[in-house]
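Trainee: If you scroll down you'll find the structure; I have some questions about it.
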Amino acid sequence: MTRPYDEIDLSSRAFWATSAADRERSFAILRADRPVSWHPPVQDALMEDPADPGYWAVVRHADIVEVSRRTDVFVSGQGVLFENIPEEMLEASQSFLAMDPPQHTKIRRLVSAAFTPRQVKRIEGQIKADAKAIVQELAAAGSGVDFVHHCASRLPIRTLSDMLGIPESERAKVVHAADAAVSWADPVYLAGRDPLDMITEAQMTLHSVAFEMADRRRSHPTDDLMTNLIQAEVDGERLTDEDIAAFFVLLSVAGNDTTRQTTSHALRALTDFPDQRAWLLADFDGRIGGAVDEFVRYASPVMTFRRTPVADFELSGQRISAGEKVVMFYPAGNWDTEVFTDPDRFDLSRDPNPHVSFGGGGVHFCLGHQVAKTQLRALFDELLHQLPDIQAGAPDYLAGNFIHAIRALPCYF
Amino acid sequence: MPAFAKPEEVYRYLGGIFETAFADPELAGKLAATGLVLKMVCTNPDSALVIDTPNGKVVTDAFDHPSDATMTMDSEVANGYWQGKVNLAFAMARGKVTVAGPIAKLLRLTPLSKRLFPVYVERLRADGRDDLIVD
């Protein structure tokens, strides 16, 4: 028996080329009437799978939280992206993001062990210094330049390089590969290349750098995160070089694009809501902590992640069979009026703000959320104080079903 | 990891994987749909196989045979890969596997190749070649 697809389209390239506000209109209908709905496979996937019957769309905040937390039922090991990607790449690039307990527990504990309080303090200091330098460079570049290129894209990769201790000689190569790894949905960046070719090449570069660095730190330990990753030991277990290389790719992607996009969306929102900017500046240090959560909710930088149930499950009254893909739509959860009053409003005083931009909780909750918040706090501290009049122009959005991306954003100050 | 001693073994076992696949109408159809003519060159011992998916053919000793993509690796790595013990992405980054040609096409083949791992192991066991099985 073939199950009919929902009349609301969430799968076409056209849907993902519309604006976030347009997409929210579809999500709102589903949240109200059909919170768990059946859809055809995503169009233009990286890998076509003729046997793929479709997926369940999960759009309510409460359901996203339930799917995220019920890791006993909804597993990640069969893929976490809306798209199908080769299993070889999953293993080599998504690290614990695409693992389930107990393997997930082991790797995440080992990686967490590398983030010692001393390491976190060191990283925080570097983020502040980097943010200051980046905004100084933006100021020097002059009003009218592209904010994404001159500011938003710069901090994440600098943090990553500093954190891991990537040698100066390798940084340009890593920046290029990390950019390529997150740009597969951008036809301009692809310029006719097969996206899978580009991702593979980027991944190989990142793996090679990670392998070389791991080798070097083993013989010459320093005070960076790479050294800690090599030395981390929990219950007699250590990370292999392959574990480290996969984590390195995960960091280059997950720790890169998310913060970049949130930075751009936040500048745009601070331009659109001058009252909120004034409110923030009236007590920056006292208010920025809560404000960054609203930056992250409003940006909803990661739009989709997938799970696969290993047992039949009933979610919001809908029976889901084992093995059927379940896709969570995070912007839909972040606009759920059951949880957020007036979600269209960029409200920096929103409290509580239980957004799902870092995930719906559970074991896969974003490991880097503190680093991301530190980056946003530091960068907007510098931006709003060094360039108090900074305004964003019209964003050039990038179509895609994974990251809510702004390709370019002119800024004026 | 164990490796092959003679090119004939490479042809029998690695070539045999695809001969089995081409004999299965469903798999043969999926392989043919990729349109890929893949050359697998092994060192230690030197051997070359061409997997001609559109024509459902395996060509042995195919050093000079034309192909769309060529993968080169030690036969030890090939033996491990077909038992699911080698990750292609990591092996490429380590330089243990080199690919000339469209990598994306090859990666799109990997879900199919995974279905052949048990076939390969079964064949080794049936031939009493437990020495080639990777733990």
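The values are calculated or read from the model by the stated rules, or taken from the named source; none is laboratory data. These numbers come from a predicted model, not from an experiment. Virtual Cβ from ideal backbone geometry, glycine too; neighbours counted across all protein chains shown. Areas reflect the complete protein model, heavy atoms only, side chains present, ligands, DNA and RNA absent. Shrake-Rupley method; radii C 1.70, N 1.55, O 1.52, S 1.80 Å.
Trainee: Which whole-Hz ³J(HN,Hα) couplings does segment A:119-133 yield from phi under the Karplus relation 6.51 cos²θ - 1.76 cosθ + 1.60, θ = phi - 60°, glycine and proline marked x?
Mentor: 5, 4, 4, 4, 5, 4, x, 5, 4, 4, 5, 5, 4, 4, 5
Trainee: In addition: List the aspartates and glutamates whose alpha-carbon lies under 19 Å from that of B:Lys39, not counting same-chain residues fewer than 8 positions away?
Mentor: In chain and number order, the partners are A:Asp197, B:Glu8, B:Glu9, B:Glu19, B:Asp52, B:Asp61, B:Asp64, B:Asp68, B:Asp74, B:Glu76.
Trainee: Could you look at chain A and say what percent of its accessible area is carbon and sulfur, using a 1.4 Å probe and all protein chains?
Mentor: About 52 percent, which is the carbon plus sulfur part of the accessible surface.
Trainee: Taking +1 at the Cβ of each Lys and Arg and -1 at the Cβ of each Asp and Glu, which of A:Ser252, A:Pro187, A:Leu110 sits farthest along the dipole of chain A towards its positive end, judged by Cα position relative to the Cα centre?
Mentor: A:Leu110
Trainee: Could you list which residues have their amide H under 5 Å from that of A:Lys325, counting only those 5 or more apart in sequence or on another chain, with H placed in the peptide plane?
Mentor: A:Trp56
Trainee: Something else about it: Would you mind working out the magnitude of the charge dipole of the protein assembly as shown relative to its Cα centre, with +1 at each Lys and Arg C-beta and -1 at each Asp and Glu C-beta, to the nearest 20 Debye?
Mentor: Dipole of the protein assembly as shown, to the nearest 20 debye: 580 debye.
Trainee: To continue, here is another question. Could you do me a favour and compute the accessible area per residue for segment B:21-135, 1.4 Å probe, result in Å²?
Mentor: Averaged over the residues of segment B:21-135, the accessible area is 43 Å².
Trainee: Would you pull out the residues with amide H under 5 Å of A:Ser37's amide H, same chain only if 5 or more places away, H placed 1.01 Å from N?
Mentor: Here the answer is A:Ala57, since their amide H atoms fall under 5 Å of that of A:Ser37.
Trainee: Now for a separate question. Relative to the compact-globule scaling 2.2 N^0.38 Å, provide the ratio for the alpha-carbon radius of gyration of segment A:42-122.
Mentor: Segment A:42-122 yields a ratio of 1.37.
Trainee: Quick one: 3J(HN,Hα) in Hz for segment A:396-402, Karplus 6.51/-1.76/1.60 with θ = phi - 60°, rounded, Gly and Pro as x.
Mentor: Coupling constants for segment A:396-402: 9, 7, 10, 5, x, 9, 10 Hz.
Trainee: Same structure again: Protein chains only, probe 1.4 Å: how do B:Thr110, A:Thr258 rank by accessible area, largest first?
Mentor: Numbers: B:Thr110 5, A:Thr258 35 Å².
Highest to lowest solvent-accessible surface, that is A:Thr258, B:Thr110.
Trainee: Calculate log10 I(q)/I(0) of segment B:40-86 for q = 0.14, 0.19, 0.23 Å⁻¹, where I(q) comes from the Debye formula with a single equal point scatterer on each Cα and nothing for solvent.
Mentor: These q points yield log10 I(q)/I(0) values of -0.35, -0.62, -0.85.
Trainee: Take the alpha-carbon centre of segment B:45-123, take the same for segment A:17-77, and report the distance between them in whole Å.
Mentor: So the two Cα centres are separated by 35 Å.
Trainee: Please build a GNM for chain A, connecting alpha carbons under 10 Å apart, and tell me which residue among A:Asp347, A:Asp223, A:Asp243 fluctuates the most.
Mentor: Among A:Asp347, A:Asp223, A:Asp243, the largest mean-square fluctuation in the Gaussian network model of chain A belongs to A:Asp223.
Trainee: In Å², rounded to the nearest 100, what is the total accessible surface buried by chains B and A against each other with a 1.4 Å probe?
Mentor: For B against A, buried area totals roughly 1700 Å².
Trainee: Percent of accessible area on segment B:30-122 owned by carbon and sulfur, 1.4 Å probe?
Mentor: 52
Trainee: Then there is this: Over chain A, give the accessible area per residue in Å² for a 1.4 Å probe, as an integer. Provide the component values of the computation, followed by the final result.
Mentor: Details: 16610 Å² over 413 residues.
Result: 40 Å² of accessible area for each residue.
Trainee: Scan around B:Ala69 for amide H atoms under 5 Å from its own, H built in the peptide plane at 1.01 Å from N, and keep only partners 5 or more places away or cross-chain.
Mentor: Here B:Val37, B:Lys39 satisfy the definition.
Trainee: Among A:Gly361, A:Ala278, A:Val292, pick out the residue whose Cα is farthest towards the positive end of the charge dipole of segment A:267-413, where Lys and Arg carry +1 and Asp and Glu carry -1 on C-beta, about the Cα centre.
Mentor: The one lying farthest along the dipole's positive direction is A:Gly361.
Trainee: Using θ = phi - 60° and the Karplus curve 6.51 cos²θ - 1.76 cosθ + 1.60, what whole-Hz ³J(HN,Hα) does each residue of segment B:41-53 get, with Gly and Pro shown as x?
Mentor: 9, 10, 9, 6, x, 5, 7, 9, 10, 10, 9, 9, 5
Trainee: From the cross-link list A:Lys173/B:Lys85; A:Lys106/B:Lys85; A:Lys325/B:Lys57; A:Lys325/A:Lys373, which pairs have alpha carbons spaced over 25 Å apart?
Mentor: A:Lys173/B:Lys85; A:Lys325/B:Lys57; A:Lys325/A:Lys373
Trainee: Could you tell me the center-to-center distance, by alpha carbons, between segment A:283-324 and segment A:344-389 in angstrom?
Mentor: Going from one Cα centre to the other spans 15 Å.
Trainee: With both bridge residues required to lie in the protein assembly as shown, what share of the DSSP beta bridges run antiparallel, to the nearest 5%? Let's see the in-between values first.
Mentor: Values: 35 of 45 bridges.
Percent antiparallel among DSSP bridges in the protein assembly as shown is about 80.
Trainee: Run the quick spin-label model on B:Thr70 and B:Leu112: label points 7 Å from Cα toward the beta carbon, then report their separation in nm to one decimal.
Mentor: With each label placed 7 Å out from Cα toward Cβ, I get 2.2 nm.
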